[in-house]
Amino acid sequence: MSTLHPGLEQRLVRLEAESIIRAQCHRYCRALDRVDEDLLRSVFHPDSTHEHGAFKGTSAEFCDYAMATVRALDWTQHFLSNVSIEIQGDAARVESYFLAFHRLNQGRPGSGVFHAHDLRQHEDVVIGGRYLDRFEYREGEWKIAHRQGINEWESWTSVDPRCATLPKLRNPVFPSNLTQMFSGE
């Protein structure tokens, strides 16, 4: 096969690495939306560092911060697009665009980027930005070694009363574990 397609093995290794890196980026979003702390921590190397908004520290500390933030929200949905990956040996530079939707509950104070929440009403906050990552391949795994989250814009709107009672995405009826979803457990 290699005589017909020179360099095929190298291209396949690169494609596999890109697929794994992209999946890790999606796991990060899923972890935030499902408030799955173990999944969130699994995308970072133990010594990973993190910058996002006013936060600067270790990714382990960011996981604590992020989980406290999303637990205080009614729901979140994070979407990724335009994932660009440049692999150089055992390191990769990754840029991902994100859109993040957040529901702030009436009467519940917001923190961090949500500190301006009007407690008299439900509010939806949409944030658009980019994740700039350095992934590293260590001990057989591609994980984030450094992440910088850049919030480029945000939009705040009052929630239409017809939408305020939609079921939460974190409802136990919606499994966060794909294995549970397909096995019926």
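The values are calculated or read from the model by the stated rules, or taken from the named source; none is laboratory data. Keep in mind the model is a prediction, meaning the values are calculated, not measured. For neighbour counting, all protein chains shown are included, and Cβ atoms are generated from backbone atoms with ideal geometry for every residue, glycine included.
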Positions within the stretch 42-68 being β-branched (Val, Ile, Thr) and surrounded by fewer than 20 Cβ atoms within 10 Å (Cβ to Cβ), in sequence order | 49, 58
All but one of (1) assigned to a strand (DSSP E or B); (2) surrounded by 18 or more Cβ atoms within 10 Å (Cβ to Cβ) hold for residue 110; which doesn't?
-> (1)
Taking only pairs six or more apart or across chains, which ones have beta-carbon atoms under 7 Å, a first residue in the stretch 43-56 that is modelled with pLDDT of 95 or more, and a second residue that is surrounded by 20 or more Cβ atoms within 10 Å (Cβ to Cβ) and among the charged types (D, E, K, R)?
-> 43/143; 44/143; 45/143; 50/147
Would you confirm whether any residue within the stretch 81-90 is within 16 Å of residue 23 (Cβ to Cβ), surrounded by fewer than 18 Cβ atoms within 10 Å (Cβ to Cβ), modelled with pLDDT of 95 or more and touching a Cys at 6+ places or on another chain (Cβ under 8 Å)?
-> yes
Exactly one of (1) crowded, with 17+ Cβ neighbours inside 10 Å; (2) assigned to a strand (DSSP E or B) is unmet by residue 32. Its number?
-> (2)
By residue number, the members of the stretch 89-107 that are in contact with a helix residue (DSSP H, G or I) (Cβ under 8 Å, 6 or more places away or on another chain) and either of a type in the set (Phe, Trp, Tyr) or not in a strand (DSSP E or B) (or both) are 98
Note: among 61, 9, 18, 86, just one is charged (D, E, K, R) and part of a strand (DSSP E or B), namely 86
